[in-house]
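No value in this document is a laboratory result; all are computed from the given coordinates. As the structure is a prediction and not an experimental result, all values here were calculated from the model. Cβ sites come from the backbone with ideal geometry, for glycine too, and all protein chains shown count toward neighbours.
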Amino acid sequence: MSHNLTPAKLATLRALPGNGTCADCSAVCPDWASLTYGTLLCIECAGLHRGLGVHLSFVRSLSMDSWTNEQYERMVRGGNDRWKDYFFRRDGGGDNTTTTKTNTDGKVDPKTAMRMKYESDTARTYRERLDACDLSESNDEYDNAVVSTTTTGSVSPIRRAVRLDKDPPPTARECYNILMRTVYVVARRSKFARRVVLGWAMTGLSIALYGTRYVIRRRQTMVECNVVSSSLPNINPAAHKYMTGGTTCSSMDDNKLRIILDVAIAPCIVAVIFVGLPYLLIRHGIRKMALSYIDNRQESFKSARNLLVERIQMGRAKRHLSCDAYYPPSNTEDDDGPHAKCGLVFFPGALVDRAAYAPIAALLSDRGILVVVVNLEPFRLIMTTHDYPLREVTMRTICDAMLLSDGATWTVDEWATGGHSMGSHLAIAAVTNELSSSMKKVVLWGVMSYPSPLIYPCGDLRDVEDAKALVVNGTEDGLIKSTYGGSPEEKAADFEARMPPRYLSKVSPTTTEEDAVSSRGEERGRGGYTYFVTIKGGNHSGCAHYGPQMFPIPDGVRSITLDEQQLQMAEVTADFLLDKLII
């Protein structure tokens, strides 16, 4: 459907870099546009463009013609400075204008110069790249936000068209090194591992000592036999061989040398068996684990990546080095700038591409929540928090997300943290160890176990004053039902014992109060509570756009659609963060 450009859209187009003058002759206040190149033109250059034919340049009037949304978005992806820089960086022009009205040399006709320019290979390539939304080699100025005025007087960033490249996986060596460090840290902290190592070392030492003692005694017996045999008169050679233990050596020095060699060799053999072989086996196991981590990386669906690109183009998302930020609509602004009532720092699940959370993060941002998905590349997994600056990473992502490219700063009333699967363990560790004074709300998806004290050592969330937690799981979650790390019942019991007291258990956000299993009568721990929600038919990978998940444990099969599961999760999560839950 086509319609005239609104004043807000017209202001947006004029605000793009270089759009204040004609793309060809630099005349001020151009009122015409070349839709093919996304540029603004004066009326004279627009006439020359019409003479080129619509296959080279399709011209529209900003004020008199009607526009479709697709045409407007194409113009936003373009811009005069982008086209000029692209063309003259490749054709080697020294001036960013085309002499179409007057000729300095008096030899080249303006129409001929215009046709030569727009029939060139550079112009053709630019048209194709603009069609494909791929202008990654364009002016870096477009990486920054361009401020546009809307009908409500708000400010929203318009960013250039982007292409999200897939994050490269770590090398096998990098993954192996970090796993070796993790095994070393875990072994140092684990009492069981220390006992195993100590017992294994004592066994090897005992065998070495007893073996050495046996060798020494054996050689001493042989020496004594040689001495006795040498003092006897003529004796049968066979008897002599029997008495000397199979040797006829009568030299005391040779026997001493053999004792020394045997004493040195015996411990070496024991060391190889009890130290070398276990080390080689551990290295082999860690190498296989590293390769499995690389082979089982969970890439996001193409639809999720396309949505993230679309949100970036709309100014509703931004990819930082530390995170992906999803911003609420522009109507959440106030006199002091863009404002959100709540922000959520979210840690992705193990090995899951952060772009996979774009759809559900977009749903949360549409409900007024600033969502920050932390970048855990290249490993997509935090092996242990012993040497990981969790507080610094969290604060860095918050600062990056709040600061916009145009200098404006988002204000957020309250920050919360959350995660999916192992990301939930990171969120719990962040609150209990580092951020208990500033973050009181925790959102946990796809988890029913507490962080391991060996990998993510942390206190009990129950002990954090006024801590509130939301736990959302699917009935078909294969990882929760697994016996990996203990029985599901034992893991759930330990989880609930260390979380704030259960306040309400409810089956999906749409069930009635009578069907819910309530424990309102339980005493709350230090003013906090845990709110449990189970999504009927949901599974583990349904928390994001990826899958199927087969590592480390196969996930269950969803009986509802992916969009249905994420819509329910987004609704209950937004209500929890915005204090709208009816409990």
Determine ³J(HN,Hα), in whole Hz, for all residues of the range 569-577 in sequence, where each value follows from phi through the Karplus function 6.51 cos²θ - 1.76 cosθ + 1.60 and θ = phi - 60°; x replaces Gly and Pro.
5, 5, 5, 6, 5, 5, 4, 5, 5
Around Cys323, which amide H atoms from residues at least 5 apart in sequence, or from another chain, sit under 5 Å from its own amide H, with H modelled in the peptide plane?
Asn375
Ranked by how many other beta carbons lie within 10 Å on average, peptides 386-399, 344-357, 437-450 from highest
344-357, 437-450, 386-399
Exposure-ranked with fewest Cβ neighbours within 10 Å first, Ile428, Ile382, Ile178, Ile265 stand as Ile265, Ile178, Ile382, Ile428
Sequence-distant residues sharing a close amide H with Asp24 (under 5 Å, placed H):
Cys42
From the backbone phi of the range 483-493, what are the Karplus-calculated ³J(HN,Hα) couplings (6.51 cos²θ - 1.76 cosθ + 1.60, θ = phi - 60°) in whole Hz, Gly and Pro given as x?
9, 5, x, x, 5, x, 5, 5, 5, 5, 5
Highest mean first, how do 575-581, 476-482 rank when packing is the count of other Cβ atoms within 10 Å averaged over residues?
476-482, 575-581
Label Thr411 and Asp167 with points 7 Å out from Cα along Cα→Cβ: what is the distance between them in nm?
3.3
Which of the peptides 35-41, 362-368 is most tightly packed, and how do the rest follow, judged by the mean count of other Cβ atoms within 10 Å per residue?
35-41, 362-368
Put in order of increasing Cβ neighbours within 10 Å, starting from the fewest, Ser330, Ser61 give Ser61, Ser330
HN-Hα J in Hz across the range 444-461 - Karplus 6.51, -1.76, 1.60, θ = phi - 60°, x for Gly and Pro:
10, 10, x, 8, 8, 9, 8, x, 5, x, 7, 9, 10, x, 7, x, 7, 5
Cα pairs beyond 31 Å in the range 302-577, in percent, come to 21
